[in-house]
Structures are given as C-alpha cells and as structure tokens.
1. Rounded, prolate or oblate: which fits the stretch 100-220 when a ≥ b ≥ c are the square roots of the eigenvalues of the alpha-carbon gyration tensor, with rounded for a/c under 1.5 and prolate only if a/b beats b/c?
2. Please find the FRET efficiency linking residue 196 to residue 266, where r is the Cβ-Cβ separation and R0 is fixed at 35 Å, and quote it to the nearest 0.05.
3. Return the long-range amide H neighbours of residue 134 (sequence gap of 5 or more, or a different chain), with a cut-off of under 5 Å between placed amide H atoms.
4. As a footprinting exposure proxy, order 141, 136 by other Cβ within 10 Å, with the fewest listed first.
5. For a bin width of 10 Å, list the pair-distance distribution of the stretch 151-271 built from all Cα-Cα distances, rounded to whole %.
6. Give me the distance in nm between label points sitting 7 Å out from Cα along the Cα-to-Cβ direction at residue 90 and residue 129, one decimal.
7. Using a basic spin-label model with each label point 7 Å from the Cα along Cα→Cβ, how many nm lie between residue 28 and residue 154?
8. Around residue 72, what is the net charge, scoring Lys/Arg as +1 and Asp/Glu as -1 over all other residues with Cβ under 12 Å from its Cβ?
Amino acid sequence: MKKEDIKIAILRIEGTNCEEESFRAFAELGVQPEYVHLNELMRDRNRSIFDYQGIFIPGGFSSGDYVRAGAIFAARIKALMMDELKKFVEGGYPIIGICNGFQVLTELGLLPAIDGISDVPEAALAVNDSDKFECRPTLLRHESVSPLTSEVEKGEVLLIPSAHMEGKFMLPEGKEKKYLDKMEENGQIVFRYVNEEGKEAGYPWNPNGSISNIAGICNPEGNVLGMMPHPERAFHSWQHPKRGGSEIVKGNGEGDGRAIFESIVKYIESL
C-alpha cells in the first residue's frame, strides 16, 4: 500500500490527550492521521473503522478514569463496534494503545489475548506501587520484535517518558507463571523497564511495579500493541531529557520513539 494512501484513526473521547503529538508524528511520516471521536462513528452510519488502515488510541484520562482506567472507553467501544473491531484485528490491521490506550486494550480483551480475543479482561493495569502519579523518563529494553516494532533492534534500550497513575501490569492471580510463560513463548513481551545498564531493576526504573518489568506487549499475531510509556513524546531528539550528562541525539534529530511510528507505517505498507 502506498504511504500517502494510509489513513490512521486517532480515536478519542472526553479526557484523552496526546492526540496532537500522535497526529503530528504520523503526519511527519507522510501518512494521513485523522482525529476520530467515538461519537462520530456512532452517529454517522456511513462511517466505519474500515475506512482506516490503523487505529491509534492515545493516552490521557478517558472519562476521568472513573470505575478504573480505560474501563468506560472500552465499554463504549464494546457496545458500539466490538464485532467490527474483532474483524479489523483478524484482518491483520494494527491497533495501538498508548498509556490509557493500553488500559483500554486490556479492558477490551484484545491484550494479551494469548488464546485469542477474550470476552473478559485477562490482564489489568493497576495503581502504581508508589500509589502516586509517576511522570518520569523510563528506559525500555526491546525484548521481542513485533511487526509494529520492526525498526527497533532487538535488545536496544530506548528512552521513552512515562506518565501514569495506573500502569502496573498484572495477570490473573495464581496464573501469573502460566501467562508469562505463554507470552514469552509467543514473543508477546515487547518492552521491559530496565536501568542504565540495561538490566531489569525495581523502582524508580520500573515506575509502577509491573510484573516481570513489563512495559509493553502485543497479541500473538503482533498487530495489536499496547505500551505504557509515550513514544509520541520522544519522536524528536529535542524532546528527550538529558541522560548521563549529555542529550540523546542520533545526529538526525530523531528521538527514540520515532522508530515505533516508522514500524507501524512500514507494517501497514506491507498489507
């Protein structure tokens, strides 16, 4: 598919944010991002998610994070277009959820989906161990190359900022090992929080207490990606904070998050 023909829906409702950074990231790569409010899909029966080749659910605090983070956004999606969303995923089209978007994807049962899309959540993003909002630079080690992270080298460490209150990735009690083993086997653990030596470590390197230091996962097929840190906030090198006394500059103005967006576009081009 030609890059200029690719349309990305930046899906939002009240309380979402980071739409502008996400829109600009895709636009800079030569595709066509579009802000799409969920109500527009509800009211316009001539409009469909199949008008787009990718769906991007940004961060924020959708519906004020009432009930729990992402729950109301997910419930409204389920009521409106869950059957279509399943067909969208099964057709190989990508869905990406960042921060609040990751929370929405787990509520929808689209992640981790180790045995297929689930009707009930199989994981949760719970309140951080610190019991406070964590806004800090985080280092992520690329664990498994998914179709949506193909432009990032396996084992590469990226500096991507986090900003969340409920980012602790949790699995069903008593079944954690079963799920982790299956996710490892499927190559679903995409990013882990690490320290400056590239090794797994506790707080503050892991800002929330996620099991197995998980920062981002995908479905077994690799076309649904959820991550807590914000790559759209690290698209340009000038967005990066200083690390080790010097700014991270790749020589071409690219930030560590850009490769993730490039991977998404490259994947859609291959469809």
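1. oblate
2. With a Förster radius of 35 Å, E is 0.75.
3. Sorted by chain and number, the residues that satisfy this are 164, 165.
4. Going from least to most buried by this count: 136, 141.
5. 12, 40, 35, 11, 1
6. If labels sit at residue 90 and residue 129, their model points lie 4.0 nm apart.
7. With each label placed 7 Å out from Cα toward Cβ, I get 2.9 nm.
8. Every neighbour counted, the sum reads 0.
Every number in this text was worked out from the coordinates using simple rules, so none of it is lab data. The structure presented is a predicted model; accordingly, all values stated were derived computationally and were not measured. So basically every Cβ, Gly included, is an ideal-geometry build from the backbone, and we count neighbours across all protein chains shown.
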